Amino acid sequence: MQCGQTERLLRMTYSRHVLPGTTTDAPPTQWTVRRRAPVSPRAENRPTRRFSVQWIDRSGQFDDMVKLAPAIPLFESAFCALGRGTLIPTIDGPCAVEDLCPGMLVETSTGLAPLVWIGAMTIAPGSAAQDESPLRMFRIAADAFGLGRPMPDLLLGPGARLLNRNPSVRTSHGTDAILEPVAPMADGMSVIEITPVSTIQTYHLGFLSHRTFIANGVEVESMHPGDINPNRIDPPMMAHYLSLFPHMRQISDFGRLAFPRVGPQAQDGVFAA
């Protein structure tokens, strides 16, 4: 049975079929029919988080909104990549992530690209969501991956992935570069795991296609949902998720990943140039 559905038993009575010219005194036959009834995602009483979205649609119209959504990885990973103060290179120079606006031209690995979506999420210590599923932040020390990589320290959320262009990637993965999650890089020295002690905002950035860009001197990826199969997600939950990306009509609109992703088990942890 799929999540978000419950099974309801209905007892229905049907009369026996009587042939013409005959009679019967037998009582009606009862049949038990199983029917599925949809249940709202809120019926499961999940903890929620507050998600803020700014976007610009294909006609150039700007808008913003704030929504509550379930505190589950499907939603959280799309909003918790960059910490406040992260410097992003734009056509007008470096800009803190919290000061970016949709429509600004950002320098990406493939050239200038208009920013079309900005997502922000609140992590509040003591909240039901943080108590049940605590999120950690990761501080990468200056020069951890080489001179100016990053510079200054870089604060990332668990949804961040860094691009690894080390030559060893060709041997181990058969490609020139891979996207690796930040969490497995935590070693207590160069990359330190941090538990937020006060309310903070995390951010993610979206373009018309999946790209990488520089954050404090380190190459990270833009927001992309990855290989989500909509048929494996409860339809109301899928609709709620897509509502946070008004510039997209369906999951396939995000396009292909610019680089392959690897999970924690395949993480290389080698970023030196």
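Quick notes
- Taken along the Cα-to-beta-carbon direction at a fixed 7 Å, the label points for Arg170 and Ser133 span 4.0 nm.
- Annotation: segment 208-250 has a Kirkwood hydrodynamic radius of 12.3 angstrom, from the mean reciprocal C-alpha pair distance.
- Packing-based order for 73-80, 250-257, 85-92, using average beta carbon neighbours within 10 Å, highest first: 73-80, 85-92, 250-257
- Gly217 sits among other residues whose Cβ lies under 12 Å from its own Cβ, and their net charge, with Lys and Arg +1 and Asp and Glu -1, is -2.
- Proximal charge balance of Leu87 [Cβ under 12 Å; K/R count +1, D/E count -1]: -3
- Fraction of accessible area attributable to carbon and sulfur, segment 131-273 (%, probe 1.4 Å): 52 percent
- The Cβ shell under 15 Å around Leu244 holds other residues with a net charge of -1, Lys and Arg each +1, Asp and Glu each -1.
- Normalised per residue, the accessible area of segment 70-128 is 36 Å², obtained with a 1.4 Å probe and no contribution from ligands, DNA or RNA.
- Extension gain from Arg261 to Ile91, taking 0.36 nm per residue of separation minus the Cα-Cα distance: 58.4 nm
- Accessible area expressed per residue, segment 157-224, with surrounding protein chains retained (probe 1.4 Å, Å²): 39 Å²
- Fully extended contour minus Cα-Cα distance, from Asp99 to Asp64, at 0.36 nm per residue: 11.2 nm
- Counting 0.36 nm for each residue step from Asp143 to Arg232 and taking away their Cα separation leaves a gain of 27.9 nm.
- In segment 86-168, the convex hull through the Cα atoms has an average projected area of 7.5 nm², a quarter of its surface area.
- Gyration tensor verdict on segment 59-122 (Cα atoms; rounded if a/c is under 1.5, prolate if a/b is larger than b/c, oblate otherwise): prolate
The values are calculated or read from the model by the stated rules, or taken from the named source; none is laboratory data. Treat the numbers as computed from the prediction; the structure is a model and nothing was measured. In this analysis, Cβ positions are derived from the backbone assuming ideal geometry, glycine residues included, and neighbour counts consider all displayed protein chains. These area figures cover heavy atoms from the full protein model, side chains too; ligands, DNA and RNA do not enter into them. Shrake-Rupley method; radii C 1.70, N 1.55, O 1.52, S 1.80 Å.
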